[in-house]
Amino acid sequence: MEECIFCKIIKGEIPCSKIYEDEKAMAFLDIAPINKGHALVIPKEHHETFEELPDELSKYLIEIVKKISIAVKKATNADGYNIGMNVGKAAGQLVFHAHWHIMPRFNDDGLKTWPQKEYEEGEMDKFKEQIVKFL
Ligand code: 5GP
Ligand code: ZN
């Protein structure tokens, strides 16, 4: 946690292009954007991943994500945007301080969404049953 880069940004120890701050949340521009205007929304409290975020805080933050998304879209004249959260190293999470990405998208930006796979016959039902067991 001492080393957490986002905690350092919150404390002002590392500069950032801040676009929003309140008592619980902060938003700033990603230093390496997928498209210019790519923003990050973070809680001020340090929680490593989405799963560790207290529910009340997640609910609060999703409202901030919406507010920032609308502003990013208007400011960049984007045609749309992706909202994403990488959870775990396997999913591409590099900074273990939970955060949402808001990524402006343009009709001609040449980016693709994630690649898609196919289920074998009956496999989809097996996955459904397994997932439902854990709910
Ligand atoms: P993750 O892969 O953990 O979901 O995303 C971390 C994001 O944080 C990356 O997109 C990366 O570009 C961004 N990032 C990492 N270090 C810094 C920094 O010091 N300042 C800013 N503004 N963004 C950072
Ligand atoms: Zn942190």
Would the stretch 77-93 turn up any residue that is farther than 26 Å from residue 21 by Cα, touching a residue at least 60 places away in the same chain (Cβ under 8 Å) and surrounded by 10 or more Cβ atoms within 10 Å (Cβ to Cβ)?
no
Would you point out the residue of the stretch 65-115, among those that are assigned to a helix (DSSP H, G or I) and basic (Lys, Arg), that is nearest to residue 55 (Cα to Cα)?
66
So which of 52, 56, 45 is out of contact with any strand residue (DSSP E or B) (no Cβ under 8 Å at 6 or more places or on another chain) and near ligand 2 (Cβ under 9 Å from one of its atoms)?
45
Can you confirm whether the stretch 39-56 contains a residue that is within 9 Å of ligand 1 (Cβ to nearest atom) and free of Cβ contacts under 8 Å to residues at least 60 places away in the same chain?
no
Would you mind finding the one in 59, 133 that is free of Cβ contacts under 8 Å to residues at least 60 places away in the same chain and farther than 25 Å from residue 6 by Cβ?
133
Have a look at 131, 64 and point out the one that is away from ligand 2 (no atom under 16 Å from the Cβ) and crowded, with 16+ Cβ neighbours inside 10 Å.
64
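Coordinate-derived values only; no laboratory data. The model shown is predicted, which means the values in this text are computed figures rather than measured ones. Here the Cβ is made from the backbone with ideal geometry for all residues, glycine too, and neighbour counts use every protein chain on show.
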